[in-house]
1. Give, in nm to one decimal, the length gained when the segment between Asp110 and Ala56 is fully stretched (0.36 nm per residue of separation minus the Cα-Cα distance).
2. Amide H neighbours of Ile180 under 5 Å, at least 5 residues apart or on other chains, H built in the peptide plane: list them.
3. With Cα Rg over 2.2 N^0.38 Å defined as stated, name the option among (i) 1.57; (ii) 1.20; (iii) 0.96 computed from the structure displayed.
4. Using the Karplus equation 6.51 cos²θ - 1.76 cosθ + 1.60 (θ = phi - 60°), what ³J(HN,Hα) coupling, rounded to whole Hz, does each residue of the stretch 30-38 give in order, writing x for Gly and Pro?
5. Step through the residues of the stretch 130-144 one at a time and calculate ³J(HN,Hα) from phi using the Karplus curve (6.51 cos²θ - 1.76 cosθ + 1.60, θ = phi - 60°), rounding each to whole Hz and writing x for Gly and Pro.
6. Can you work out the FRET efficiency for the pair Thr117 and Asn213, with r the C-beta to C-beta distance and R0 = 30 Å, to the nearest 0.05?
7. Around Leu235, which amide H atoms from residues at least 5 apart in sequence, or from another chain, sit under 5 Å from its own amide H, with H modelled in the peptide plane?
8. Between Asp167 and Lys222, what is the spin-label point distance in nm, taking each point 7 Å from the Cα along the Cα→C-beta axis?
Amino acid sequence: MKDVLIGIHLMFYATSALALGMPDGTVIHDDEACYTIFSGAWGHGKKLGATWQTIAHAQRDGRNVLDIVVHQRVGNGDFDMRDHLVLDAGTLLPVRLESMRDGNPHAELDYTPGRVTGWHVAKDGSRLTTDVRLPGPVWDGDLYGPTFAALKLAAGARFTVPFYQYDRGLGEFRGTVTGIERVMTPYGAEEAWVVHAGPSSREMLDYLIGRDNRREVGYRGKEGYQILGGDCTGLE
């Protein structure tokens, strides 16, 4: 979900998707977090905006789900994106996505076994209908950090996670766990897994995932980064 910094054919290969095991939602905890978005080099960037993210366990039609909201704003509202996702609490498989851009409805998707339906707004402003048959389990391509955090992380491990995203269609997240790093945040130092991952070779970032609590600490790339802490007034 890093449209600001990275500009945001699939067969389901069970063996590769199982490289680290499927995402395990039981390691994801309820959370509310504010992040600051920077442009430039890691630790020396210029503030661009903020991201507010909430994760909450809930019930939907008798099913245990994770209710996740990610609200990102850059500048004085030049870019404003709010994604609301409902995921199966055990597997993180998506149930529903509602996306807003600049305060306007942008996409709605409903996932059922083997199918995703809904609509989204194309780049030219037209509204396009979605009705896609899925080749197997797929995760939502708008959710990065919590998806990677739910994998069985271990140094040197590689993974492939199939996804569907309304603009891209079917695709795969690919990544490698490169190690553990001590990351400084406004709340102190935190040990984090470094997960080098993305939806394509041009969009790989380092995602920093709390070693013990699996909380998303931030991410970084050549053009900028996001780190835990900051002021999310108006985004909560």
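1. Details: separation 54, 0.36 × 54 = 19.44 nm, distance 1.93 nm.
Net length gain for the segment: 17.5 nm.
2. Val194
3. (iii)
4. For the stretch 30-38, the Karplus curve yields 4, 7, 10, 8, 10, 10, 9, 9, 10 Hz.
5. So the J values, rounded to whole Hz, are 10, 8, 10, 7, 9, x, x, x, 9, 9, 7, x, 9, 10, 9.
6. 0.25
7. For Leu235, no residues qualify.
8. It is 1.9 nm.
Each reported figure results from applying straightforward, stated rules to the coordinates on display, with no laboratory input. Note that this is a predicted model, so its numbers are computed, not measured. Glycine gets a Cβ as well: all are built from the backbone with ideal geometry, and neighbour counts include every protein chain shown.
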